[in-house]
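Okay, structure first, notes after.
The values are calculated or read from the model by the stated rules, or taken from the named source; none is laboratory data. Note that the structure is predicted; figures quoted are calculated from it, not measured. All Cβ positions, glycine included, derive from the backbone under ideal geometry; neighbour counts span all protein chains shown. In case anyone asks, the SASA skips ligands and DNA or RNA and just uses the protein heavy atoms, side chains included. Shrake-Rupley method; radii C 1.70, N 1.55, O 1.52, S 1.80 Å.
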Amino acid sequence: MSILDFKSEEEILFDPGYSGSVARVSGNIDYLYSAFSSIPSIKQKKFQFSILYPKFLKAVDLNAAFYLGCMLWGVYLKSLKNKKIVNNPCLGTAFDDECFFEVDFLINFVRDGLNRDAKYYLNKTYTPNPLYLPILGNYKEFLSLNKGFVEVQKTDDILIPTSLKTPTNEDIKEIYNTIYSAVEKDDLTILFNVADKILPQADTST
């Protein structure tokens, strides 16, 4: 279920419809990299990395868009006063350090790992999108502040990091319309277009 077909005045979805898009790559970076690291031969590693490199780039981009989308949706939900949130899979589960594993892995991979390996195996320099690390760092704070969303039942329960900008009412409308478009087109990278509505580091006008 997504915002494309969910209609309710009293309730709102925890996930607007991102799960279908991100399911194809979620966890794939860690899995692919673990398999790659287990290859004993340097020659085989070079060949395999040349195949995996474009997959890593796509997966990093989509995961960053997903984490941005979580914050955008959280900001939108916060603008709705005291609505019940439904279909929250985190509700009532345990919150511990394991919740940070994926985002921590991605931060390290984007900041150091991918460039190091690209230089070694392909003689290339990897320069990440300048939005990636601000997105991942702010998402980790968002996740921590809300304790993995294990107690989030209403929109008022959501906490927004002070590091994020406070969008105007017009910004909120644009955020919602962009999320709707991203879900409708099954393309989360569309969400980068409104990163500047919540991220101080973003500037889509340049």
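Residue ranges 132-145, 33-46, 164-177 sort as 132-145, 164-177, 33-46 when ordered by packing (mean number of other C-beta atoms within 10 Å per residue, highest first). The charge dipole of the range 94-206, taken about the Cα centre with unit charges on the Cβ atoms of Lys, Arg (+1) and Asp, Glu (-1), comes to about 440 debye, rounded to the nearest 20.
Each Lys and Arg contributes +1 and each Asp and Glu -1, all at the Cβ; summed about the Cα centre of the range 1-100, the dipole is approximately 520 debye. Counting only Cβ charges, +1 for Lys and Arg and -1 for Asp and Glu, the dipole size of the chain around its Cα centre is about 840 debye. Summing +1 for each Lys or Arg and -1 for each Asp or Glu among the other residues whose beta-carbon sits under 15 angstrom from that of residue 36 gives +3.
Please state the relative contact order of the chain as a whole percent: Cα pairs under 8 Å, 6+ residues apart? Worked out over the chain, it gives 29 percent.
Accessible surface calculations at 1.4 Å, restricted to protein heavy atoms, place the range 116-194 at 55 Å² per residue. Protein-only accessible surface at a 1.4 angstrom probe places the residues 120, 180 in the order 120, 180, largest first. Helical content of the chain, expressed as a calculated mean residue ellipticity at 222 nm, amounts to -14500 deg cm²/dmol (DSSP H runs of 4 or more residues, -39,500 (n - 2.57) each, divided by residue number, nearest 500). Of interest is the spacing of the C-alpha centroids, which for the range 164-179 and the range 19-77 amounts to 28 Å. Of the chymotrypsin sites (Phe, Trp or Tyr not before Pro) found in the range 73-114, those in coil by DSSP whose Cβ has at most 16 other Cβ atoms within 10 Å are 95. Taking the Cα atoms of the range 1-67, the ratio Rg/Rh between the radius of gyration and the Kirkwood radius comes to 1.23. Using R0 = 45 Å, the C-beta based FRET efficiency linking residue 170 and residue 46 works out to 0.35.
Rolling a 1.4 angstrom probe over the range 78-206 with all protein chains present gives an accessible area of which 48% lies on carbon and sulfur atoms. Per residue, the range 64-111 exposes an accessible area of 48 Å² to a 1.4 Å probe, with every protein chain left in place.
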